[in-house]
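S.K.: Supplied in structure tokens, the structure appears directly below.
The values are calculated or read from the model by the stated rules, or taken from the named source; none is laboratory data. Keep in mind that what you see is a predicted model, and the values were worked out from it rather than measured. Glycine gets a Cβ as well: all are built from the backbone with ideal geometry, and neighbour counts include every protein chain shown. Surface areas here come from the heavy atoms of the whole protein model, side chains and all, with no ligands, DNA or RNA. Shrake-Rupley method; radii C 1.70, N 1.55, O 1.52, S 1.80 Å.
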Amino acid sequence: MKDIFADMGKIELSILIPVFNVGVYLPELLESLLPNLPVNVEVIFYDDCSQDDSLAIIRKYQQIYPDAFIRVLCGQENKGITQVRQCLLHSTQAEYIWFIDSDDKVESLAVQQIMGILKQYRPDVLLFDYDVFFDNTGKLKSKEHLSIAPANTLLHQKNGNLFHLAIMDGKHYFWNKVFRRQLATKVCRFTIPAYEDIANTPSLLHECQTYFYYPQVLVHYRIWPNSIVQKMSPKQVYGIEAYLTQAFYAETIVGDEKCCAYLLYKAHLYYFRLCRKLAKTAMPEKEKKAILHKAAELFVVKRLSIRTTILLLLRTHLWDKAAKLMLKSALFALTHK
């Protein structure tokens, strides 16, 4: 890797940004982040061998904002998002880290607001709201509000409530959370090729003793057709592995049977949806079979069955989920004979 940066002294917050072929989105993100960046905040980019002008755009903005602490890491080969996140995390000694997706937008005062909270309260994790919009139209899909109360105060985690929130509310993303770096380094295992947020964020939240919820939208998440989540590829199957990883953690570490049941339910539904998408996707049959084989293999390794999951859902009073899984599994059996 090539690392270009000055001796910057003590850094309180590192903003970590993976970059791969996002030149069309970078200027909007950088125009929000870089003006008036606090002196104790750095922005670290990792360009994962982009084939567009992403790297050139970052270099340009380094010149436009010479006082901003910007570091640029460049890989010699394409690593993929998970390994890039690991490289970014290991490249900083800051007290706090914030992963931002390079295709998203952030509020212009987000960094200043975040730093104000971190300096005053020193939480293990700072959480905030976000919204979701469609790239092609700019239309807002949803505004996501976290189920945390009270807001705007330092809270202490009890009985795994942050893990429960991440699972049952589905808020298992990196980019609306600022973590204490040492906790992230200790907990995160960047071994899964995709869906690394689901595989790591809930367990990382569980390790946080204190937290602060700031009920303001600071990130605008972009939905676009060629993202890993939207585009069908072999990486799609790792969504199943991510859910199963957290189900095991819920059962063995947290001791939360309801979360375990819900995560197994999500893994089954994800598999059904994956099969439906594959059937409609123009992809060589060999590639489709490889994806399906990998998905089925994951369930065999974990010794999962629909019946066992339904019984667990019923036992944990998730009756609506049990009914939905019964219906979805019956429909799946009819259409995939």
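S.K.: Since Lys158 meets every condition but one in (1) part of a strand (DSSP E or B); (2) without any contact (Cβ under 8 Å) to a residue 24 or more places away in the chain, which condition does it not meet?
M.R.: (1) is the only condition that Lys158 fails.
S.K.: Restrict the check to the stretch 304-312 and report whether at least one residue is modelled with pLDDT under 90, farther than 23 Å from Arg189 by Cα and in contact with a Pro (Cβ under 9 Å, 6 or more places away or on another chain).
M.R.: Checked the stretch 304-312: no residue is modelled with pLDDT under 90, farther than 23 Å from Arg189 by Cα and in contact with a Pro (Cβ under 9 Å, 6 or more places away or on another chain).
S.K.: Then there is this: Tell me the residue from Leu88, Leu16, Leu55 that is in a strand (DSSP E or B), in contact with a strand residue (DSSP E or B) (Cβ under 7 Å, 6 or more places away or on another chain) and on the phi < 0 side of the Ramachandran plot, please.
M.R.: One residue alone meets the criteria, Leu16.
S.K.: Now, a different point. Quick check: anything in the stretch 141-153 over 16 Å from the mean Cα position of the chain (by Cα), open to solvent by 20 Å² or more (accessible area, probe 1.4 Å), more than 22 Å from Thr92 (Cβ to Cβ) and among the basic types (Lys, Arg)?
M.R.: yes
S.K.: Report yes if Ala110 is among the hydrophobic types (A, V, I, L, M, F, W, C) and more than 22 Å from the chain's Cα centre (by Cα), otherwise no.
M.R.: Details: among the hydrophobic types (A, V, I, L, M, F, W, C): yes; more than 22 Å from the chain's Cα centre (by Cα): no.
No: the conditions fail for Ala110.
S.K.: Right, here's the next one. Please work out which one of (1) in contact with a Gly (Cβ under 6 Å, 6 or more places away or on another chain); (2) over 24 Å from Lys258 (Cα atoms) is the condition Tyr195 fails and give its number.
M.R.: With (1) in contact with a Gly (Cβ under 6 Å, 6 or more places away or on another chain); (2) over 24 Å from Lys258 (Cα atoms) applied to Tyr195, the lone miss is (2).
S.K.: Then there's this: For Thr201, work out the one condition from (1) loosely packed, with under 14 Cβ neighbours inside 10 Å; (2) without any contact (Cβ under 8 Å) to a residue 40 or more places away in the chain it doesn't fulfil.
M.R.: The failed condition is (1).
S.K.: Can you tell me how many residues in the stretch 33-64 are more than 18 Å from Pro18 (Cβ to Cβ) and surrounded by fewer than 18 Cβ atoms within 10 Å (Cβ to Cβ)?
M.R.: Adding up the residues that qualify gives 8.
S.K.: Checking the conditions here, which among Glu285, Glu241, Glu297 is surrounded by fewer than 14 Cβ atoms within 10 Å (Cβ to Cβ) and closer than 22 Å to Phe190 by Cβ?
M.R.: Answer to the check: Glu297.
S.K.: Could you tell me whether the stretch 94-113 includes any residue that is free of Cβ contacts under 8 Å to residues at least 60 places away in the same chain, assigned to a loop (DSSP other than H, G, I, E, B) and open to solvent by 50 Å² or more (accessible area, probe 1.4 Å)?
M.R.: Yes, the stretch 94-113 contains at least one residue that is free of Cβ contacts under 8 Å to residues at least 60 places away in the same chain, assigned to a loop (DSSP other than H, G, I, E, B) and open to solvent by 50 Å² or more (accessible area, probe 1.4 Å).
S.K.: Can you tell me which residues in the stretch 169-194 are in a loop (DSSP other than H, G, I, E, B) and either more than 25 Å from Leu318 (Cα to Cα) or open to solvent by less than 10 Å² (accessible area, probe 1.4 Å) (or both)?
M.R.: The answer is Phe174, Trp175, Asn176, Cys188, Arg189, Phe190, Thr191, Ile192, Pro193, Ala194.
S.K.: Then there's this: Checking Ala267 against (1) small (Gly, Ala, Ser); (2) open to solvent by 10 Å² or more (accessible area, probe 1.4 Å); (3) touching a residue at least 24 places away in the same chain (Cβ under 8 Å), which test does it fail?
M.R.: (2)
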